[in-house]
There are 2 protein chains.
Amino acid sequence: MVDQLIAHIRKFSTVEEADLILLESLIRRKTYQKKELVLPAGHRCHYQHFIVSGCMRSFFINNKGVEQIVNFGIENWWMTDYDSFVNERASALNIQALEECEVLSINKLGFDELIRKSSGLANYFRIILEKRHIADQRRIQYMFNLTGEEIYDTFFNLNPEFIQRVPQYMLASYLGFTPEFLSKIRKKKSQGLS
Amino acid sequence: MVDQLIAHIRKFSTVEEADLILLESLIRRKTYQKKELVLPAGHRCHYQHFIVSGCMRSFFINNKGVEQIVNFGIENWWMTDYDSFVNERASALNIQALEECEVLSINKLGFDELIRKSSGLANYFRIILEKRHIADQRRIQYMFNLTGEEIYDTFFNLNPEFIQRVPQYMLASYLGFTPEFLSKIRKKKSQGLS
């Protein structure tokens, strides 16, 4: 399991053997069952989770009492409520396993120690944040600008694997659609109308 | 000017004197006039700009041909198109000075050198990214969940200074409102109706 994380780290940063020994000593291995709640909203998010296998979602209950999905995560993605993790406040988000998930998790104390002691790992986590910030900014721009169909196409092109793995009503929630609207777009696509 | 940036860095990270000498050697000082375009969309964003004084916005022209504001920046904020800066691709965003702006700018080569040579500065830029990611994620959640009035209240509470500094039609664009809708909310507030 740790090999997969190390390979991911080495894609983005140069690390020493000692950094990886420290990392291994601070990481917790855990398996979450399908539908298990990894983090309930209202609690402190103590961990960042690196997904070795499986799929997760983060969501909140909106003002209308309906689940609103904010993020999905699959293999090689980190899942957390960053605001809760960093600022040590109650999480606004629930995190839930959508499939059986093997994860490597690091808590705030461990994370701070890694950042302090290893410039290579600090650099890796900085690059992960760069990628998140870029993805978030693109998403904000899409939300302002694209039609429903364009949002679907953009998401499908960036993340084709999700279309198969995630229930349609969850995909609809993430994209800000009603399930009926998503179904209409997919029907149109399958008939080759656009 | 540089003292202001150093004070900002020291709020978040521990840096050595040598780091700051390196930083000063890599930074460009520049003043942009009110309304001057700092970055035109379609060009590479070569710089991250630390705003010493003044106010900027980033925006794109949406599918309807209308300016859509994505971000504002004021004193002690960094402005850039991060996707363009990091991935060395054409910027999707324009950046424009809304007031006369004094900025300290660092280009990609200089930034990479800072990150490589100074763990204290790398840590500072990682923390800035954490703050951006948290702000982006909150904004995505608001966009999904809050009513127009709640979005206005949230923005006003977080950034009261913008209400005075930024033209109302720009504020409306940033919040995803029509100018008429923003004007209606403000009228209601001034009459103490909510």
With labels modelled as points extended 7 Å from the Cα through the Cβ direction, what inter-label distance (nm, one decimal) is found for A:E36 paired with B:R28?
5.3
What number, rounded to the nearest 500 deg cm²/dmol, is the helix-based mean residue ellipticity at 222 nm of chain B, given -39500 (n - 2.57) per DSSP H run of at least four residues and division by all its residues?
-16000 deg cm²/dmol
Hey, for A:E24 with labels 7 Å out along Cα-Cβ, what do the inter-copy distances come to in nm, ordered shortest first?
4.5
Can you list residues whose amide H is under 5 Å from B:V38's amide H, if they're 5+ apart or on another chain and H is modeled 1.01 Å from N?
B:I95, B:Q96, B:A97
Give me a single rounded figure for B:121-127: the average over its residues of other chain Cβ atoms within 10 Å of their Cβ.
4
Please compute one quarter of the surface area of the Cα convex hull for the stretch B:2-120 and express it in square nanometres.
7.3
Three-way shape call for the protein assembly as shown based on the alpha-carbon gyration tensor, with the a/c threshold at 1.5:
oblate
Name the trypsin sites (Lys or Arg not before Pro) in the stretch B:1-82 that are in a loop by DSSP and that have at most 12 other C-beta atoms within 10 Å, would you?
B:K34, B:K35, B:K64
A:H43 paired with A:Q164, simple spin-label distance in nm, labels 7 Å along Cα-to-beta-carbon
3.3
Over 21 Å (Cα to Cα) among A:K35/A:K184; A:K30/A:K108; B:K30/B:K108 -> A:K35/A:K184
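At most 13 other Cβ atoms within 10 Å and a DSSP loop assignment: could you name the trypsin sites (Lys or Arg not before Pro) in the stretch B:71-151 that fit? All intermediate terms of the calculation are to be shown ahead of the outcome.
Working: sites: B:R89, B:K108, B:R116, B:K117, B:R126, B:K131, B:R132, B:R138, B:R139; in loops: B:R89.
Hits after loop and neighbour filter: B:R89.
All of the numbers you see were taken from the coordinates with simple rules; none came from a lab. Small disclaimer: the values here were computed from a predicted structure and weren't measured. Quick reminder, even Gly has a Cβ in these numbers, built from the backbone with ideal geometry, and neighbours come from all protein chains shown.
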